[in-house]
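The next block holds one structure in the form of structure tokens; read it before the comments.
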Amino acid sequence: MSVGLVIVSHSAKIAEGVCELAAQMAADVRLVPAGGTDAGGGAARIGTSFEKVANAITKAGQGDGVVILTDLGSAVMTAEMALEFLDEDERATVRLASAALVEGAVAAAVQAQAGGSVEDVLRAAEEAVVSIRPEALEPFVSRSAAAPGTAKAAAPEGPSASGSWVLPNDMGLHARPAAVLARGLADLDAEVTVNGIDGKSVMLLMSLGLGKGKTVSAQAVGPDAEAAIELIGAAVEDGFGEMNEDGQH
Amino acid sequence: MALDAGWAQEWLRAAARAVAENRTHLMELDRAIGDADHGENMDRGFAAVVAKLDAGPPPATPAEVLKAAAMTLMSTVGGAAGPLYGTALLRAATSLGDAAEAQPDAVVAMLSAARDGIVARGKAESGDKTMIDAWTPAVEAAATAASAGAGPGAVLAAAANAAQAGAVATDPLVARKGRASYLGERSAGHRDPGAASTALILAAAAEAAGGPG
Ligand SMILES: [Mg+2]
């Protein structure tokens, strides 16, 4: 089981489309659209509905937690309202993300598919603020420089380590391995850079588009730097568990 | 009349009539600075409220009426007005509790709770060119009237008049919340649709009370 997602949009088509897109990379995650508003029997109209959102939260939840992503302003208000109506136990497992809807939903779904906690999934959604174009990623090389144009934070202190490896698996560093790496690194006390981007961001790792035979270069600084490099090295050399025993695909 | 469950029902029916009559007007206000859906959304939402009142058993308290209306508006209005008016009526219902009828002080407390709910939900402040600019003067006028000894109907009438003046006063403001805020300076010179519908709804409350009483 995994964290479920609720996609709230003014448009039923947008909500369904975002779920469809995210499902491509997260086949086992409950993705529940809550788009449009009830229109007394007819087709859904533009707007958001408390009832649809509340029902979607129940459907997505199933005990493993839910992250809600929304589009424009009143979708946020409707979602907040639905949260207030949950009983306390259920409320504790649901998070409302401040995220770009499409990018956030894809990142969150990938993180949920990889078995991330509700907090992991929330963070993946909220950090996915960039479109997936490597040349656009320059300002985002560090987690601490999350907004375009912001200066990079002070360099971290402590021991450093680095390594580089060639990707052996056919699929390379695709969504699932990106989520595995980001989640493993998130627990470590180190700033980790992978090919120039923040190694703790699923979306940025995916955006590198590294296929089989490409080189992964990582630098880590901080108390857990050594562990971070070992984690990346072990995962890459293992082909992210996607190789058979004789090393062939 | 006493502000009992019958009054609360008549309030919502009068509001539904007013919203239906002003549907085009509200849509035109929203077309100028928003997405042109306020009239249609409010008309659909209040028509659903009336249908619910028609279908249900007669409620015992005004709070029951307002709570049922709130839940309906939240699921049928669609735009920002759904959660905003939904929250307002829910908070109003909570404020009234299980009283069979509202006395002047309870009317003031009810309006104040509704306004506070809208502020909490929409995070708007006075002067942002939102429905708050109608609600806050309404609450203040109601409090002034109640402390001068006005009856419940007169308290509502004072609130309604102040809401209408507050709505008119949004004309020159520059929007700082909601869809209209995307327009910046160009939002000045138009009345805020939410403030306009607030004035209609509070006028309906006063009308249902049948004047000073
Ligand atoms: Mg509108």
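Please list B:23-31, A:178-186, B:5-13 highest first by mean number of surrounding beta-carbon atoms within 10 Å per residue. Present the calculation step by step, with values, prior to reporting the outcome.
Numbers: B:23-31: 19.7, A:178-186: 23.8, B:5-13: 21.9.
Per-residue Cβ counts within 10 Å, averaged per peptide and sorted highest first, yield A:178-186, B:5-13, B:23-31.
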Report summary line: Answer in debye to the nearest 20: the dipole magnitude of the stretch A:4-126 about its Cα centre, from +1 Lys/Arg and -1 Asp/Glu charges placed on Cβ, is 360 debye
Query raised in the report: Which of B:Gly34, B:Ala142, B:Gly166 sits closest to the plus end of the dipole of the stretch B:5-209, meaning its Cα is farthest towards the positive end, when Lys and Arg get +1 and Asp and Glu get -1 on the C-beta?
Result: B:Gly34
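Would you work out the relative contact order for the stretch A:1-59, in percent, from Cα pairs under 8 angstrom that are 6 or more residues apart? Intermediate values should be presented prior to the final figure.
Working: 107 pairs, mean separation 22.0, N = 59.
So the answer I get is 37 percent.
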Query - Cα Rg, Dmax (largest Cα-Cα span) when computed across the stretch A:160-241, Å - result: 11.0, 33
Report summary line: In square angstrom to the nearest 100, the accessible surface buried at the A/B interface, both sides summed with a 1.4 Å probe, amounts to 1500 Å²
Report summary line: With no solvent term and unit scatterers on the alpha-carbon positions of the stretch B:5-209, Debye gives log₁₀ I(q)/I(0) at q = 0.07, 0.10, 0.12, 0.15 Å⁻¹ of -0.18, -0.36, -0.53, -0.84
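In whole percent, what relative contact order does the stretch A:4-126 give with Cα contacts below 8 Å and a gap of six or more residues?
Details: 258 pairs, mean separation 35.4, N = 123.
This gives 29 percent for the stretch A:4-126.
Taking the Cβ of B:Ala14 as the center, what net charge do the other residues with Cβ under 11 Å away carry, scoring Lys and Arg +1 and Asp and Glu -1?
With Lys, Arg at +1 and Asp, Glu at -1, the neighbours total -1.
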Report task. Could you order peptides B:156-167, A:222-233, B:81-92 by the average number of other Cβ atoms within 10 Å of their residues, highest first? Result -> B:81-92, B:156-167, A:222-233
Query raised in the report: Could you give P(r) for the stretch A:30-94, binned at 5 Å from zero, as whole percent values over all Cα-Cα pairs?
Result: 4, 19, 30, 24, 15, 6, 2, 0
Report task. Using Cα centres only, tell me the gap between the stretch A:154-218 and the stretch B:89-116 in whole Å. Result -> 57 Å
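Roughly how many debye, to the nearest 20, is the charge dipole of the stretch A:160-241 about its Cα centre, given +1 on each Lys and Arg Cβ, -1 on each Asp and Glu Cβ, and no other charges? It would help to have the intermediate numbers written out before the result.
On the way: 5 positive and 10 negative charges, 81 e Å.
About 380 debye.
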Query raised in the report: Out of residues 5 or more away from A:Gly35 or on other chains, whose amide H comes under 5 Å of its own, with H placed 1.01 Å from N in the peptide plane?
Result: A:Ser9
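Beyond 27 Å, what share of the Cα-Cα pairs of the protein assembly as shown is found? Please give it as a whole percent.
On the way: 63649 of 106491 pairs.
The proportion of pairs with Cα distances above 27 Å equals 60 percent.
Expressed as a rounded percentage, what relative contact order does the stretch B:111-173 have, with Cα pairs under 8 Å and six or more residues apart?
On the way: 66 pairs, mean separation 22.7, N = 63.
Computed over the stretch B:111-173, the figure is 36 percent.
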Report summary line: If each part is reduced to its alpha-carbon centroid, the stretch B:4-24 and the stretch B:154-181 end up apart, in Å, by 19 Å
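Let me check I've understood the local charge: for B:Ser181, count other residues with C-beta under 9 angstrom from its C-beta, Lys and Arg +1, Asp and Glu -1. What total comes out? Each step should come with its number before you reach the end.
Values: positive: B:Lys129, B:Arg176, B:Lys177, B:Arg179; negative: B:Asp128.
Residues near B:Ser181 contribute +3 overall.
The values are calculated or read from the model by the stated rules, or taken from the named source; none is laboratory data. Computed from a prediction, not measured in an experiment: that's the story for all the values here. Please note: Cβ atoms are built from the backbone with ideal geometry, for glycine as well, and neighbour counts cover all protein chains shown. What goes into the accessible areas is simple: the full protein's heavy atoms, side chains included, and nothing from ligands, DNA or RNA. Shrake-Rupley method; radii C 1.70, N 1.55, O 1.52, S 1.80 Å.
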